[in-house]
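The values are calculated or read from the model by the stated rules, or taken from the named source; none is laboratory data. Note that this is a predicted model, so its numbers are computed, not measured. Methodologically, a virtual Cβ is constructed for each residue, glycine included, from the backbone with ideal geometry; neighbour enumeration extends over all protein chains shown. Note: accessible area is taken over every heavy atom of the protein model, side chains too, but ligands, DNA and RNA are not part of it. Shrake-Rupley method; radii C 1.70, N 1.55, O 1.52, S 1.80 Å.
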Amino acid sequence: MECREVREVVFLYTDNEMEDDLLVVFRSHVAGCPRCADRILRAQMFLRVVRQRSPRLPAPERLRSRILTSLPKRR
């Protein structure tokens, strides 16, 4: 993996959405690349601040209803 590729997927990593095979290569690169390791730390700090300052509010009932009715029915 190259630094450019790390930049492209850093938020998959910080959101714990990276697939296992990519995660192994990603972590291997970051372990040997101080610039990418720093990039990850900065992304994590950024997300922490955003999450702290963005209150989680429940979706309005009307929106919830629209979403639920648009989902396919379970059998």
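Below is a table of values for the structure above.
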| quantity | calculated |
| --- | --- |
| Given (1) modelled with pLDDT under 95; (2) out of contact with any helix residue (DSSP H, G or I) (no Cβ under 8 Å at 6 or more places or on another chain), number of the condition residue 18 does not satisfy | (2) |
| Residue count for region 44-61, restricted to those that are polar (S, T, N, Q) and not in a helix (DSSP H, G or I) | 1 |
| So residue 19, is it touching a residue at least 12 places away in the same chain (Cβ under 8 Å) and of a type in the set (Asp, Glu) | no |
| Yes/no for residue 48 being of a type in the set (Lys, Arg) and either touching a Lys or Arg at 6+ places or on another chain (Cβ under 8 Å) or at pLDDT below 95 (or both) | yes |
| Among the residues listed as 53, 7, 48, 74, the single one being more than 19 Å from the chain's Cα centre (by Cα), exposed (fewer than 14 other Cβ atoms within 10 Å of the Cβ) and charged (D, E, K, R) | 74 |
| Boolean, residue 38 is acidic (Asp, Glu), free of Cβ contacts under 8 Å to residues at least 40 places away in the same chain, open to solvent by less than 100 Å² (accessible area, probe 1.4 Å) and in a helix (DSSP H, G or I) | yes |
| Test: residue 64 is outside any loop (DSSP other than H, G, I, E, B), loosely packed, with under 11 Cβ neighbours inside 10 Å and free of Cβ contacts under 8 Å to residues at least 24 places away in the same chain | no |
| Residues located in region 10-32, provided they are open to solvent by 70 Å² or more (accessible area, probe 1.4 Å) and part of a loop (DSSP other than H, G, I, E, B) | 16, 17, 19 |
